[in-house]
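Trainee: Structure below; questions to follow.
The values are calculated or read from the model by the stated rules, or taken from the named source; none is laboratory data. All figures in this text were calculated on a predicted structure; none of them were measured in a lab. We place every Cβ from the backbone using ideal geometry, glycine too, and count neighbours over all the protein chains shown.
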Amino acid sequence: MLPNALQVVTRAIRERRCLAIHFDGQRDVRVVEPHAVYSDEQDRLVLDAYQIRGYSEASRPTPFWRPFPLGQITTISLLKEHFAPRVREGFSSQRPKYRRGLVVVVDGGGSGIPPLPEEARRTGDAQRGRW
């Protein structure tokens, strides 16, 4: 994972700002509205985002929801563009995939899900400090 990826994503979520992200070996950038970072079943940190522009491996037309493993992002930029939480498009902090632990979630209602421990949020290691 990029050394500052979690910090950049966290800031983007808290400020409701778009991100430009790139993966190694892919030709173009993706522009996303980041909504949450959570720990998946393999204890990897994953960005849950609404892609609004840019590259899609399946040539899928934007916009759409997509999980992005933070460890696979090779370039990340915080954009000036702001967004509103995509509740109408299906975002809910109550989704089962968030039960293992949310690191950060966009404002838009309480989640009722315990956050990852501070150590995990600070290091980006979902296993560290597990409760």
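Trainee: Can you run down the residue pairs with Cβ atoms below 6 Å, 6 or more apart or on separate chains, where the first is in the range 12-27 and among the basic types (Lys, Arg) and the partner is buried (at least 17 other Cβ atoms within 10 Å of the Cβ)?
Mentor: So the pair list comes out as Arg16/Phe83.
Trainee: Just give me the residues in the range 38-69 being more than 11 Å from the chain's Cα centre (by Cα), in a strand (DSSP E or B) and charged (D, E, K, R), in sequence order.
Mentor: Result: Arg53, single match.
Trainee: So, in the range 13-37, how many residues would count as being hydrophobic (A, V, I, L, M, F, W, C) and part of a helix (DSSP H, G or I)?
Mentor: First, the residues of the range 13-37 that are hydrophobic (A, V, I, L, M, F, W, C): 13, 18-21, 23, 29, 31-32, 36-37.
Now restrict to residues that are part of a helix (DSSP H, G or I): 13.
So the count comes out to 1.
Trainee: When you scan the range 39-71, how many residues do you find that are within 16 Å of Asp24 (Cβ to Cβ) and exposed (fewer than 14 other Cβ atoms within 10 Å of the Cβ)?
Mentor: Counting residues in the range 39-71 that are within 16 Å of Asp24 (Cβ to Cβ) and exposed (fewer than 14 other Cβ atoms within 10 Å of the Cβ) gives 2.
Trainee: Determine whether Arg99 is over 21 Å from Arg11 (Cα atoms), free of Cβ contacts under 8 Å to residues at least 24 places away in the same chain, out of contact with any helix residue (DSSP H, G or I) (no Cβ under 7 Å at 6 or more places or on another chain) and of a type outside the set (Phe, Trp, Tyr). Walk me through it before giving the result.
Mentor: Values: over 21 Å from Arg11 (Cα atoms): yes; free of Cβ contacts under 8 Å to residues at least 24 places away in the same chain: yes; out of contact with any helix residue (DSSP H, G or I) (no Cβ under 7 Å at 6 or more places or on another chain): yes; of a type outside the set (Phe, Trp, Tyr): yes.
Considered against the rule, which asks whether it is over 21 Å from Arg11 (Cα atoms), free of Cβ contacts under 8 Å to residues at least 24 places away in the same chain, out of contact with any helix residue (DSSP H, G or I) (no Cβ under 7 Å at 6 or more places or on another chain) and of a type outside the set (Phe, Trp, Tyr), Arg99 comes out as yes.
Trainee: For Leu79, are the conditions met, namely being touching a residue at least 40 places away in the same chain (Cβ under 8 Å), touching a helix residue (DSSP H, G or I) at 6+ places or on another chain (Cβ under 9 Å), of a type in the set (A, V, I, L, M) and crowded, with 16+ Cβ neighbours inside 10 Å?
Mentor: no
Trainee: Considering only residues that are of a type in the set (D, E, K, R) and within 18 Å of Leu6 (Cβ to Cβ), look in the range 98-127 and name the one that is modelled with the highest pLDDT. If you could, list the steps in order and put the result at the bottom.
Mentor: Taking the range 98-127 and keeping what is of a type in the set (D, E, K, R), we get 99-100, 107, 118-119, 121-122, 125.
Next, only the ones that are within 18 Å of Leu6 (Cβ to Cβ) stay: 100, 118-119, 121-122, 125.
Numbers: Arg100: 87, Glu118: 56, Glu119: 52, Arg121: 47, Arg122: 53, Asp125: 46.
By that ranking, first place goes to Arg100.
Trainee: Let me ask another. Please enumerate the residues belonging to the range 1-38 that are small (Gly, Ala, Ser) and either touching a Gly at 6+ places or on another chain (Cβ under 6 Å) or surrounded by fewer than 18 Cβ atoms within 10 Å (Cβ to Cβ) (or both).
Mentor: Ala20, Gly25
Trainee: Can you find even one residue in the range 73-93 that is in a strand (DSSP E or B), modelled with pLDDT under 90 and either within 13 Å of Ile13 (Cβ to Cβ) or touching a His at 6+ places or on another chain (Cβ under 8 Å) (or both)? Before the answer, list the steps.
Mentor: Step one: of the range 73-93, the residues in a strand (DSSP E or B) are 73-82.
In the following step, the residues that additionally are modelled with pLDDT under 90 were identified as none.
No, the range 73-93 contains no residue that is in a strand (DSSP E or B), modelled with pLDDT under 90 and either within 13 Å of Ile13 (Cβ to Cβ) or touching a His at 6+ places or on another chain (Cβ under 8 Å) (or both).
Trainee: Residue check, Ala20 against (1) under 13 Å from the mean Cα position of the chain (by Cα); (2) of a type in the set (A, V, I, L, M); (3) at pLDDT below 95, all met but one. Which one?
Mentor: Answer for Ala20: the failing condition is (3).
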